[in-house]
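**Student:** Provided herewith is a single structure, encoded as structure tokens, for subsequent inquiry.
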Amino acid sequence: MSKPKMNLVGEDGNIFAILGRASRLLKREGMHEEAKEMFERVTSSGSYDEALCIVSEYVETELSGLPSRNKSNKDKGDAHER
């Protein structure tokens with residue numbers, strides 16, 4: 001089954017608004033279990049970016065198919081920091 005499509009750009013950037021829209025979209029497509037799983041994963045995620053990536057696993061967004069950020073790269077910080 002293909003993922004339903006949802007735009008992020010130009011929409012409310014609040015993660016709960018995004019989660020609600022994605023959840024309603026999945027449920028309309030008969031994907032109730034996926035909506036529940038996505039909700040649980042997003043609400044236990046550690047950051048906004050992580051939550052957006054999780055949503056993009058369930059519905060096709062502008063972020064779908066992009067490589068996820070590697071935590072080790074984020075931990076390195078800015079090249080000018082010492």
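**Student:** Would you please name the residue that is surrounded by the most Cβ atoms within 10 Å (Cβ to Cβ), looking only at residues in the stretch 21-56 that are within 16 Å of residue 3 (Cα to Cα) and among the small types (Gly, Ala, Ser)?
**Tutor:** 22
**Student:** Something else: Has the stretch 56-67 got any residue that is modelled with pLDDT under 95, touching an Asp or Glu at 6+ places or on another chain (Cβ under 9 Å) and not in a helix (DSSP H, G or I)?
**Tutor:** Yes, the stretch 56-67 contains a residue that is modelled with pLDDT under 95, touching an Asp or Glu at 6+ places or on another chain (Cβ under 9 Å) and not in a helix (DSSP H, G or I).
**Student:** Consider the stretch 8-20. How many of its residues are within 13 Å of residue 58 (Cα to Cα) and open to solvent by 30 Å² or more (accessible area, probe 1.4 Å)?
**Tutor:** Of the residues in that region, 0 qualify.
The values are calculated or read from the model by the stated rules, or taken from the named source; none is laboratory data. Computed from a predicted model, the values in this text were never measured in an experiment. FYI the Cβ positions are ideal-geometry reconstructions off the backbone, even for glycines, and counts take in every protein chain you see. Areas reflect the complete protein model, heavy atoms only, side chains present, ligands, DNA and RNA absent. Shrake-Rupley method; radii C 1.70, N 1.55, O 1.52, S 1.80 Å.
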